[in-house]
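All remarks here apply to the structure that follows.
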Amino acid sequence: MRNSKAWLTALILMLSMLLAACGGNGNSGAAGSGVQEGDKEITLVYVAWDSEIASTNVVKTVLEDRLGYKVNMLQVDNGPMWQGIADGSADAMVAAWLPGTHGNYYEELKDSFIDLGPNLEGAAIGLVVPSYVDVTSIEDLADPDVAAQFQGEIIGIEAGAGVMQATERAIEAYGLPMRLVSSSSQAMAQVLQDEYAAGKPVVVTGWTPHWKFAAMDLKYLEDPLKVFGEAEQIHTIVRQGLQEDMPDAYSFLDKFYWTPDEMAEVMIAIQNGAEPEEAAKDWVEANADKVDSWLE
């Protein structure tokens with residue numbers, strides 16, 4: 001009996017310590033976890049594209065400076081970004097390119113998240129070349145002599161990105177004697193800048209909005225087969241239960257909407273040397289009326 005009482009006392013103590021530890025965690029990232037009073041923490045996920053670095057940092061700035069949240073930013077690949085929202089390990093993203101670029105992830109997981117609609121319209125993807133290149137259509141690249149001008153390469157970004165998958169389909173659909181080179185959005189932009197400065201032919205996977213169109217005279221190659229689809233939108237996606245757990249953050253994310261030109265201002269500032277967080281803060285301060293409309 002004495003041993004049983006000691007065992008029971010030890011068990012109760014262990015359970016008390018476990019409950020205290022869980023109660024002090026304050027992690028709001030998991031769906032249904034709720035937010036304890038005094039906790040203001042939210043997790044944003046994004047891909048390392050210039051456009052999404054700009055938008056996610058602007059959202060982070062507003063959440064922190066205007067709504068008092070502690071914001072955790074997680075840079076991931078496309079698949080983990082969508083899966084994180086779907087399983088509740090992340091709270092929100094403003095980086096969903098639809099209906100084409102991220103369409104496969106959307107269809108697979110659409111019952112596991114909340115789509116708040118577009119935060120930017122007029123986006124596009126395709127193959128991009130300098131305007132001085134005497135090529136106007138993707139069809140032109142099917143000519144081996146034309147493809148040879150580009151060393152038979154299309155400079156891409158991260159493998160698995162929607163624009164990369166579309167480019168693989170374009171190579172097959174148009175019968176291009178070219179290979180797609182995987183790299184990163186930063187590496188792609190650097191190759192483009194270097195070749196542009198030298199006046200050489202180069203073709204890259206591109207999307208709008210992006211600072212490169214402000215920094216260089218570029219053009220999309222025509223896509224008569226519509227492999228890259230029509231104009232796209234960038235949507236805000238949040239985990240299920242966010243509205244109940246963080247109503248003020250949910251309301252802001254639901255109203256967050258800006259234009260390609262506004263996004264470009266942040267992207268260009270970053271490209272000119274500003275840290276992403278600094279560029280976002282400067283934009284938020286300079287556009288107080290716009291930000292106020294998101295928080296009404």
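The values are calculated or read from the model by the stated rules, or taken from the named source; none is laboratory data. Since we're looking at a predicted model, the values are computed, not measured. Every residue, glycine among them, receives a Cβ derived from its backbone with ideal geometry; neighbour counts consider all protein chains shown. These accessible areas exclude ligands, DNA and RNA; they are computed on the full protein's heavy atoms, side chains included. Shrake-Rupley method; radii C 1.70, N 1.55, O 1.52, S 1.80 Å.
For segment 179-196, the set of residues classified as open to solvent by less than 50 Å² (accessible area, probe 1.4 Å), under 16 Å from Gln149 (Cα atoms) and not hydrophobic (A, V, I, L, M, F, W, C) consists of Glu195 only. For segment 150-167, indicate whether the set of residues that are charged (D, E, K, R) and without any contact (Cβ under 8 Å) to a residue 24 or more places away in the chain is non-empty. Checked segment 150-167: no residue is charged (D, E, K, R) and without any contact (Cβ under 8 Å) to a residue 24 or more places away in the chain. Only one of Asp91, Asp87, Asp39, Asp77 is buried (at least 22 other Cβ atoms within 10 Å of the Cβ) and in contact (Cβ under 8 Å) with a residue 12 or more places away in the chain. Can you tell me which? Sole residue among the options that is buried (at least 22 other Cβ atoms within 10 Å of the Cβ) and in contact (Cβ under 8 Å) with a residue 12 or more places away in the chain: Asp91. Let me spell it out: the conditions are (1) within 16 Å of the chain's Cα centre (by Cα); (2) open to solvent by 10 Å² or more (accessible area, probe 1.4 Å); (3) among the aliphatic types (A, V, I, L, M); (4) at pLDDT 95 or above, and Leu44 meets all of them except one. Which number is the exception? With (1) within 16 Å of the chain's Cα centre (by Cα); (2) open to solvent by 10 Å² or more (accessible area, probe 1.4 Å); (3) among the aliphatic types (A, V, I, L, M); (4) at pLDDT 95 or above applied to Leu44, the lone miss is (2).
Only one of Ala269, Ala279 is modelled with pLDDT of 95 or more, open to solvent by less than 40 Å² (accessible area, probe 1.4 Å), more than 24 Å from Val128 (Cα to Cα) and assigned to a helix (DSSP H, G or I); which?
The match here is Ala279.
Scanning segment 197-217 for residues that are in a loop (DSSP other than H, G, I, E, B), of a type outside the set (Asp, Glu) and surrounded by fewer than 21 Cβ atoms within 10 Å (Cβ to Cβ) turns up Ala198, Gly199, Lys200, Pro201, Met216. A search for C-beta distances below 6 Å between a residue of segment 124-140 that is part of a strand (DSSP E or B) and any residue that is open to solvent by 60 Å² or more (accessible area, probe 1.4 Å) and not hydrophobic (A, V, I, L, M, F, W, C), counting only pairs 6+ apart in sequence or on different chains, returns Gly126/Tyr220; Val128/Tyr220; Pro130/Tyr196; Ser137/Glu222.
The set of residues from segment 234-266 being of a type in the set (Ser, Thr, Tyr) and either part of a helix (DSSP H, G or I) or surrounded by fewer than 23 Cβ atoms within 10 Å (Cβ to Cβ) (or both) comprises Tyr250, Ser251, Tyr257, Thr259.
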